[in-house]
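Novice: Take a look at the following structure, please.
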Amino acid sequence: MINLTAVSKVYGYGDSAVQALHPTDLQVKRGEIFGVIGASGAGKSTLIRCVNLLERPTTGSVVIDGVDLATQSERDLTLSRRKIGMIFQHFNLLSSRTVAENIALPLELAGLDKARIAQRVTELLVLVGLQERAHAYPSELSGGQKQRVAIARALAPEPKVLLCDEATSALDPQTTQSILALLKEINRRLGLTILLITHEMDVVKTICDKVAIIHDGRLVEQGEVAWFFSHA
Ligand code: ADP
Ligand code: ADP
């Protein structure tokens, strides 16, 4: 479902150039939850942002569900990105929009009609357990509730892949567990493929099927989570 081949990223030019990611191969199969773990500055954000072309890779190909995004024009990318949802550490909700309006945003951008949007928003609110909060504003929500809204918004266009950028790093341990349980349930029910980055081993242990360790811009080891923890 996600196939990176020789993807690398250099920021800047000349003397100030930083090789944030050395040529990297990564395969994530359909329905898998794949975690990339590493310390701050290891290249996790760069890697995950190359998957949806928020960063243009310096080299390599990024194939999502059979389509090579790295060679697409911005216009085609806009369409391809509907296959890829993303959630962030700091949620990135629009503060001037209610919960329901935040979730509706990608559907409005995709040009769905009002009735269809309302129906889909209701389904998504049920999925993430926020029916009661549809008309609240983000400032009235807890961190866990905000991340539930962000998950619903990411799932609105029915993506094939969900990218999670330190999605639980701003949450307390109990809330982290409830968000991870929600992601696992979504993975099971919808067959959604999930790629996440984290600096927390617990996140990997709790929900990932496979894990890769990233260090200084290189994937230094990868394998099944069960194997990792039986040989650690
Ligand atoms: P992580 O997400 O693991 O903390 P990043 O991918 O953010 O790592 O960063 C990897 C390396 O690339 C770091 O050395 C960082 O300073 C550098 N870097 C990240 N973003 C930029 C940027 N926009 N411009 C220059 N250097 C960057
Ligand atoms: P960090 O991981 O550094 O705490 P975030 O995970 O919140 O920050 O955001 C990562 C990056 O993604 C930021 O540079 C931000 O500008 C960008 N970003 C945030 N929201 C969106 C979005 N909806 N679409 C595209 N890029 C975004």
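Novice: Between a residue in the stretch 193-207 that is away from ligand 1 (no atom under 12 Å from the Cβ) and any residue that is of a type in the set (Ser, Thr, Tyr) and modelled with pLDDT of 95 or more, which pairs come within a Cβ distance under 7 Å, given they are 6 or more apart or on different chains?
Specialist: Listed by first residue and then by second, the contacts come to Val203/Thr168; Val204/Thr198.
Novice: What single numbered condition from (1) modelled with pLDDT of 95 or more; (2) over 22 Å from Asp65 (Cβ atoms); (3) in a helix (DSSP H, G or I) fails to hold for His135?
Specialist: Result: His135 fails condition (3) only.
Novice: Additional query: In the list Leu196, Leu162, which residue meets the criterion of being in contact with a Cys (Cβ under 6 Å, 6 or more places away or on another chain), in a strand (DSSP E or B) and at negative phi?
Specialist: Every option except Leu196 fails the conditions.
Novice: Every residue in the stretch 23-46 that is open to solvent by less than 50 Å² (accessible area, probe 1.4 Å) and away from ligand 2 (no atom under 16 Å from the Cβ), please.
Specialist: Thr24, Leu26, Val28, Gly31, Glu32, Ile33, Phe34 - these are the residues of the stretch 23-46 that are open to solvent by less than 50 Å² (accessible area, probe 1.4 Å) and away from ligand 2 (no atom under 16 Å from the Cβ).
Novice: Looking at (1) exposed (fewer than 14 other Cβ atoms within 10 Å of the Cβ); (2) within 15 Å of ligand 1 (Cβ to nearest atom), can you tell me which one Leu4 breaks?
Specialist: Leu4 satisfies every listed condition except (1).
Novice: Another one. Go through (1) within 15 Å of the chain's Cα centre (by Cα); (2) more than 9 Å from ligand 1 (Cβ to nearest atom) for Arg56 and report which single condition fails.
Specialist: Here Arg56 clears every test but (1).
Novice: Going by the structure shown, is Val203 open to solvent by less than 30 Å² (accessible area, probe 1.4 Å), closer than 18 Å to Ile48 by Cα, touching a helix residue (DSSP H, G or I) at 6+ places or on another chain (Cβ under 9 Å) and not in a strand (DSSP E or B)?
Specialist: yes
Novice: Checking the structure you have, find out if any residue of the stretch 19-39 is without any contact (Cβ under 8 Å) to a residue 12 or more places away in the chain, within 11 Å of ligand 1 (Cβ to nearest atom) and closer than 12 Å to Asp216 by Cα.
Specialist: Within the stretch 19-39, none of the residues are without any contact (Cβ under 8 Å) to a residue 12 or more places away in the chain, within 11 Å of ligand 1 (Cβ to nearest atom) and closer than 12 Å to Asp216 by Cα.
Novice: Going by what's in this entry, would His90 be described as surrounded by fewer than 16 Cβ atoms within 10 Å (Cβ to Cβ), in contact (Cβ under 8 Å) with a residue 12 or more places away in the chain, within 16 Å of ligand 2 (Cβ to nearest atom) and not basic (Lys, Arg)?
Specialist: Yes: the conditions hold for His90.
Novice: Quick check, is Ala20 among the aliphatic types (A, V, I, L, M), within 16 Å of ligand 2 (Cβ to nearest atom) and open to solvent by 50 Å² or more (accessible area, probe 1.4 Å)? I'd like the intermediate steps shown before the answer.
Specialist: Working: among the aliphatic types (A, V, I, L, M): yes; within 16 Å of ligand 2 (Cβ to nearest atom): yes; open to solvent by 50 Å² or more (accessible area, probe 1.4 Å): no.
In short, no.
Novice: How about the stretch 138-159: which of its residues are small (Gly, Ala, Ser) and either open to solvent by 40 Å² or more (accessible area, probe 1.4 Å) or assigned to a loop (DSSP other than H, G, I, E, B) (or both)?
Specialist: The answer is Ser139, Ser142, Ala156.
Novice: Whether any residue in the stretch 60-75 is out of contact with any Leu (no Cβ under 6 Å at 6 or more places or on another chain) and within 16 Å of ligand 1 (Cβ to nearest atom) is what I want to check. Steps first, please.
Specialist: First pass over the stretch 60-75, keeping only residues out of contact with any Leu (no Cβ under 6 Å at 6 or more places or on another chain): 60-61, 63-68, 70-75.
Cutting the leftovers down to within 16 Å of ligand 1 (Cβ to nearest atom) gives us 60.
Scanning the stretch 60-75, I find at least one residue that is out of contact with any Leu (no Cβ under 6 Å at 6 or more places or on another chain) and within 16 Å of ligand 1 (Cβ to nearest atom), so the answer is yes.
The values are calculated or read from the model by the stated rules, or taken from the named source; none is laboratory data. Keep in mind the model is a prediction, meaning the values are calculated, not measured. Cβ atoms come from the backbone with ideal geometry, glycine included; neighbour counts cover every protein chain shown. Note: accessible area is taken over every heavy atom of the protein model, side chains too, but ligands, DNA and RNA are not part of it. Shrake-Rupley method; radii C 1.70, N 1.55, O 1.52, S 1.80 Å.
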